[in-house]
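Everything on this sheet refers to the single structure shown next.
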Amino acid sequence: MSKAAPAKKPVAAAPPPGCTLDINDPQVQSAAIRIQASYRGHRSRKELREKGPPRVLEPLKDVVLIEGSAAKLTCRISAFPDPFIRWSKDGKELRDGPKYRYVFEDPDVVALVVRDGELADLGQYSINVTNPFGQCSDSARILVEGISWGSDALPHLQVLHGVSLPFPSASPSEDSKGTRQH
């Protein structure tokens with residue numbers, strides 16, 4: 001019986017000169033991090049290695065909401081692994097839905113949109129960011145701007161095209177003839 005010759009392992013072809021990369025080269029790693037970071041929605045390798053509790057990078061700011069319009073509270077955070085986000089108003093949790101919309105604009109930018117502004121939206125809004133390493137929170141106020149009228153001024157108000165109308169700052173006064181002036 002003759003012995004079979006051992007199978008030869010295929011030899012990898014050498015790359016052409018000048019076409020090799022050392023993945024451990026600091027310049028190659030730096031380039032890889034910059035490429036990853038340039039794509040929206042991706043975090044660099046350096047950030048991914050930094051596990052820890054969430055942090056607020058840019059805090060919420062107070063917002064003035066005009067009645068009938070929408071307001072947006074925006075916060076920039078840092079958290080890995082990805083956090084769980086909760087919004088609340090005056091201590092009561094807000095659910096994502098038609099009135100309150102949770103928005104995730106970038107991996108580190110979160111926002112709350114309050115739709116159809118009304119006086120009831122006035123209050124202290126808070127964000128609570130939690131991951132397995134800890135939690136952080138921030139808060140800001142929504143101030144509602146609307147038109148204030150006297151008790152009976154609006155039903156009697158009549159405006160003609162091309163006429164300027166001063167808004168009353170106090171209760172209407174009466175002129176010398178006993179007629180009301182607005």
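The values are calculated or read from the model by the stated rules, or taken from the named source; none is laboratory data. Bear in mind the structure is a predicted one, so any value in this text is a computation, not a measurement. Neighbour counts run over all protein chains shown; Cβ positions are idealised from the backbone, glycine included.
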- Please find, within the range 98-135, the residue that is farthest from CYS75 (Cα to Cα) out of those that are modelled with pLDDT under 95 and small (Gly, Ala, Ser). ALA120
- Within the set of pairs 6+ apart or on separate chains, which have a first residue in the range 75-89 that is farther than 13 Å from THR130 by Cβ and surrounded by fewer than 16 Cβ atoms within 10 Å (Cβ to Cβ), a second that is at pLDDT 95 or above and among the aliphatic types (A, V, I, L, M), and C-beta atoms under 8 Å apart? none
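Could you check the range 85-144 and list, in sequence order, the residues that are among the charged types (D, E, K, R) and not in a loop (DSSP other than H, G, I, E, B)?
Residues satisfying the conditions are ARG86, LYS89, LYS92, GLU93, ARG101, GLU105, ASP106, ASP121, ASP138, ARG141.
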- Going through (1) of a type in the set (Val, Ile, Thr); (2) under 28 Å from LYS51 (Cβ atoms); (3) touching a Lys or Arg at 6+ places or on another chain (Cβ under 9 Å) one by one, VAL113 fails only at (2)
- Query: over 14 Å from the mean Cα position of the chain (by Cα), touching a residue at least 40 places away in the same chain (Cβ under 8 Å) and buried (at least 16 other Cβ atoms within 10 Å of the Cβ), is that true of GLY68?
  - Reply: no
